[in-house]
Amino acid sequence: MRSLERLTLAHLWTGFVAFAIACLLGVWQMWVRSPLTAPLSTPDRYYQSVTAHGVSMAYLLTTFFVMGFGYYVAETSLARPLPGKRWAWIAYGLGLTGGLIAAIPILLNQATVLYTFYPPLTGSALFYLGLVLVVVASWIWCAQMLVAMAQWKRSHPGQAVPLAMFGTTANAVMWLWTTVGVAVEVLFLILPAAVGLTETIDVGLSRTLFSWTLHAIVYFWLIPAYIAFYTMAPEEAGGRLYSDTMGRLTFVLFLVYSLPVGMHHLFMDPEHSTGFKFLQMTLTVLVAVPTFLTVFTISASMEIAGRLRGGKGLFGWIATLPWERPMVLATGLAFFMLWFGGGGGLINMSFGMNAMVHNTSWVTAHFHLIFGGTVVIMYFAIAYTIWPKLTGWQSPNISLQRLQIWLWAIGMMVMTLPWHYLGLQGQWRRVATFDYSNPLITPWGKWVVVSLIGGVILLISAALFIYNLVAMHRQPARKASSLQRYAQSLHTPASIPASLNGFRLWNVLVLVLMILAYGYPIAQFFLNPAPAAVVHRVD
Amino acid sequence: MATHSDKFGYYIFTGVLALVALAIFLGFLLLPVIQGAQAGLDTWSAICRSLGIQAGSPAQPTPPVQSAAKPVSEVVWNTAVMRGLNAANKELGAQLAQDICTACHGQTGISPDPQYPHLSGQSAFAIYKQLHDYRSGVRQHDLMSPVAKTLTDEQIIALANHYATLTRGTLDRQLEVEADPRIDHLVRTGDTARGIPGCQSCHGIGAGGPVETPTLSGQYRQYLAAQLSNYAAGRRRNDVFSRMRGIASKLSEEEIRLVSGFYAEQ
């Protein structure tokens, strides 16, 4: 096995182990919230489990997946060795060590503050230190992606960076911007409190800094899925990418629109004025632009593939697509779920409607549907596509991969649709147990059980996913080609605008937007300091 | 595929900024002025409020309430108090304890009489809160109220520190399992149907309950049962947000007896 394969597999396996553990915890949490009696259920353990679930899914699965996939894309799309591979292993070691260090206080119930921290709650310093190491590891990855792209551009002057690498580097640039918020929060506000240097914490400032990170982090998780949409799905479907330029524009717009929008998580917070909330809401609406560009481009790309395979009529091309291929199937299901998740997101980001769903199960259901339904299902598809190239062995049974993806989509819909409904009924989030004997909420019980059934289906799917991956490490499987092909565009343009081949202009735009959107809202905490909250230790 | 320099990026750049300008016009000018006028705000105030440089809601002042609010407790938790509790005058605390407290609470804070609580190892925050409440009169006791009224803030802090180990949220991590599963469940999980949170939700280590939450482990059964009964009957009412009154009033006498016994034996 070559070093790239070892590196990619190490990252992806680490992420998927964290994912499997998180799935198990997630089902138990849904069980605790249901009217059925769950084993080992205490409120204390519930919040401990929610913390472990959130950290595993949001920080470990995603960061290790993005890093591992990024290394793979850098080497295969640029067709040259990854620069500084030793640094990649150092970053992996740092990230893994950080994850394990953070896990200790979580297991000891000394960091039950959920993955979004919620100051003035303050857990063990080890928890935050561990997470800082994970972020530092990802920064090393960002530097490597930037260097890899810069070196390629130097040796290919005037040429366009391959789209897969352009998207990966856009993610790295975005992640460097994204992590500034949480890094400042943890290093200057939370860690000093956790080690006892400060006795109070400015909750408003902490929440504002976290909001800086909180929306863009979602796009950090999502961009690998979009890279797969643009560069892998059309290839797997046997077609062409409808527009390469549209892909570049999408990645650039994600970079621009993901950052100055985080205040839509703070619509109900008192520390910001309505004007800035309105401004950030408007910018949030614009995130719909790259989403619709993608839906259009990928649908068009799939139509090309379907028609090449003999599809006729207005919708006949859909039936002729090779749905038996996991990447095509996952793309179709991801788009299907994106309509529901995206629609829910439009409600969340609307200043007025947010008031109705804020702090209800609606929001929890929304982010599970977007994350599980669009992001993670594409992580599966990417894994199924690149695993044979990494291990050298084909899957012995591709129908199990399809089954797994179907189970995931069905489980996600069964889990999240009733969950959304419960949110509209007023079911509050971040609550461990409900009194289902209360006639006001008795009718909720059956829908929570339906959600739990969805969760069980997801757990079965997750277990099958791990089984499917392991099966591609075994000798009896068929030999696979190690060549990774990325989709070619239908009409390769003679040249593309230089602004879509780099990030200098877009970094300037992000800076301008961040100053406009976050400048005064952050400055106000220093111009007119609010009373700080006394640190509330939970370790 | 080659690249060429053109104005494409700048068009997008300018377009985005134009949209931002529109959002600024709507968010900081048009909407606040129109909506502010409906709420009786002048134009300038409405704009200042949308920027966050003038205090916000309510647009109309709330009519003043005639009756003066009486707080459940006058204790204010701030860093000065908490720092004081961590670094109190040890000699003063020991001397005061010797002079005032030992008769009822014992030489070492181990009370000889089950109607008086043990103080040894009790949370300093809990002792501070209760002495302060006795002094302000929101908690009353024939012996404690007159004693507390003679104490200064510094003395209360010194006494609290003297008896405390300065731990907070102080249940033993490993509670012994209670023979009666109903009580075990009540302590660890509570009873959702009656709106009772588990005792450990506040009294457990790291549970995130109020700072003044006292240690219960090893306390006299009679003392605990008496306090729960007082809360239930409204005779004791210095619990902020009626937390303990709300819980105790829903417990049966049998449960009060058993829960008190459970903690006494820890």
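Figures for the structure shown
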{"quantity": "Computed over the protein assembly as shown, the ratio Rg/Rh where both radii use C-alpha atoms and Rh is Kirkwood", "calculated": "1.02"}
{"quantity": "Three semi-axes of the equivalent ellipsoid, segment A:449-522, Cα gyration tensor, whole Å, largest first", "calculated": "42, 30, 13"}
{"quantity": "Cα radius of gyration and Dmax for chain B (Å)", "calculated": "27.9, 92"}
{"quantity": "For residue A:360, residues with placed amide H under 5 Å, excluding near neighbours", "calculated": "A:429"}
{"quantity": "Accessible area buried at the B-A interface, both sides summed, 1.4 Å probe (Å², nearest 100)", "calculated": "3700"}
{"quantity": "Under 5 Å, built H, 5+ apart or other chain: amide partners of residue B:4", "calculated": "A:496, A:498"}
{"quantity": "C-alpha center-to-center spacing [segment B:8-64, segment B:78-124] in angstrom", "calculated": "56"}
{"quantity": "Peptides ranked, highest mean first, by Cβ atoms within 10 Å: ranges A:137-150, A:370-383", "calculated": "A:370-383, A:137-150"}
{"quantity": "Ranked packing of B:192-204, A:163-175, most packed first, by mean Cβ within 10 Å", "calculated": "A:163-175, B:192-204"}
{"quantity": "Out-of-range pairs (alpha-carbon distance over 24 Å; input B:70/B:90; A:153/A:389; A:85/A:389; A:153/B:7)", "calculated": "B:70/B:90; A:153/A:389"}
{"quantity": "Surface per residue (accessible, 1.4 Å probe) for the protein assembly as shown, Å²", "calculated": "42"}
{"quantity": "Rounded accessible area of residue A:346 (nearest 10 Å², 1.4 Å probe)", "calculated": "80"}
{"quantity": "Computed [θ] at 222 nm, deg cm²/dmol, chain B (DSSP H ≥ 4; -39,500 (n - 2.57); rounded to nearest 500)", "calculated": "-13500 deg cm²/dmol"}
{"quantity": "Fraction of antiparallel bridges per DSSP, the protein assembly as shown only, in percent to nearest 5", "calculated": "55"}
{"quantity": "Mean Cα-pair separation over length for segment A:318-377, i.e. relative contact order, pairs under 8 Å, 6 or more apart, %", "calculated": "43"}
{"quantity": "Residue-averaged beta-carbon neighbours from other chains (10 angstrom radius) around B:242-255", "calculated": "0"}
{"quantity": "Dipole of chain A, positive direction: furthest Cα of A:339, A:170, A:393, with charges on the beta-carbon", "calculated": "A:393"}
{"quantity": "Threshold 10 Å², segment A:200-226 residues less accessible with all protein chains present than alone (1.4 Å probe)", "calculated": "A:200"}
{"quantity": "Inter-part distance where segment B:224-259 and segment A:207-234 are each reduced to a Cα centre, Å", "calculated": "51"}
{"quantity": "Kyte-Doolittle mean at least -1.0, axial Cα span of 15 Å or more - DSSP H helices of chain B", "calculated": "B:8-24, B:124-136, B:153-163, B:221-233, B:253-264"}
{"quantity": "10 Å Cβ neighbours from other chains, averaged over peptide A:491-503", "calculated": "5"}
{"quantity": "Chain A, helix-only ellipticity at 222 nm - DSSP H runs n ≥ 4, -39,500 (n - 2.57), divided by all residues, nearest 500", "calculated": "-22500 deg cm²/dmol"}
{"quantity": "Rounded to whole Hz, the Karplus (6.51, -1.76, 1.60) HN-Hα couplings of segment A:17-23, x for glycine and proline", "calculated": "5, 4, 4, 4, 4, 5, 5"}
{"quantity": "D (Stokes-Einstein, µm²/s), Kirkwood Cα radius, segment A:184-315, 1.002 mPa s at 20 °C", "calculated": "123"}
{"quantity": "Length released on extending from residue B:150 to residue B:42, taking residue separation times 0.36 nm less the Cα-Cα span", "calculated": "33.5 nm"}
{"quantity": "Residue A:200 long-range amide H proximity, modeled H, under 5 Å", "calculated": "A:535"}
{"quantity": "Chain A - charge dipole about Cα centre, Lys and Arg +1 at Cβ, Asp and Glu -1, debye rounded to 20", "calculated": "1480"}
{"quantity": "Test item: B:79-86 mean partner chain Cβ contacts at 10 Å", "calculated": "2"}
{"quantity": "Cα lying deepest toward the dipole's positive end in segment A:1-132, options A:123, A:83, A:8, charges on Cβ", "calculated": "A:83"}
{"quantity": "Karplus-derived HN-Hα couplings along segment A:255-263 (A = 6.51, B = -1.76, C = 1.60, θ = phi - 60°), whole Hz, x at Gly and Pro", "calculated": "4, 6, 8, 7, 8, x, 10, x, 5"}
{"quantity": "Selection from B:158, B:40, B:148 lying farthest towards where the dipole of the protein assembly as shown points positive, charges on Cβ", "calculated": "B:40"}
{"quantity": "Electrostatic dipole magnitude of segment B:41-153 [Cβ: Lys, Arg +1; Asp, Glu -1; Cα centre; debye, to 20]", "calculated": "220"}
{"quantity": "Nitroxide proxy distance, nm - points 7 Å out along Cα→Cβ at residue A:473 and residue A:150", "calculated": "3.7"}
{"quantity": "Distance from segment A:321-349 to segment A:131-205 (C-alpha centre basis), Å", "calculated": "28"}
{"quantity": "Relative contact order, percent, chain A [alpha-carbon distance under 8 Å, six or more residues apart]", "calculated": "20"}
{"quantity": "Residues in segment A:28-43 occluded by at least 40 Å² - accessible area, probe radius 1.4 Å, against chain by itself", "calculated": "A:43"}
{"quantity": "Candidate residues A:539, A:244, B:42: accessible-area rank, largest first, probe 1.4 Å", "calculated": "B:42, A:539, A:244"}
{"quantity": "Accessible-area order (highest first, 1.4 angstrom probe) of the listed residues B:4, A:420", "calculated": "B:4, A:420"}
{"quantity": "Where a label projected 7 Å from the Cα of residue B:230 along Cα→Cβ would reach, residues of segment B:182-214 with amide N under 16 Å", "calculated": "B:213-214"}
{"quantity": "Over segment A:388-463, relative contact order from alpha-carbon pairs under 8 Å, at least 6 apart, %", "calculated": "48"}
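The values are calculated or read from the model by the stated rules, or taken from the named source; none is laboratory data. Treat the numbers as computed from the prediction; the structure is a model and nothing was measured. All Cβ positions, glycine included, derive from the backbone under ideal geometry; neighbour counts span all protein chains shown. To get the accessible areas, we keep the full protein, side chains included, count just its heavy atoms, and leave off ligands, DNA and RNA. Shrake-Rupley method; radii C 1.70, N 1.55, O 1.52, S 1.80 Å.
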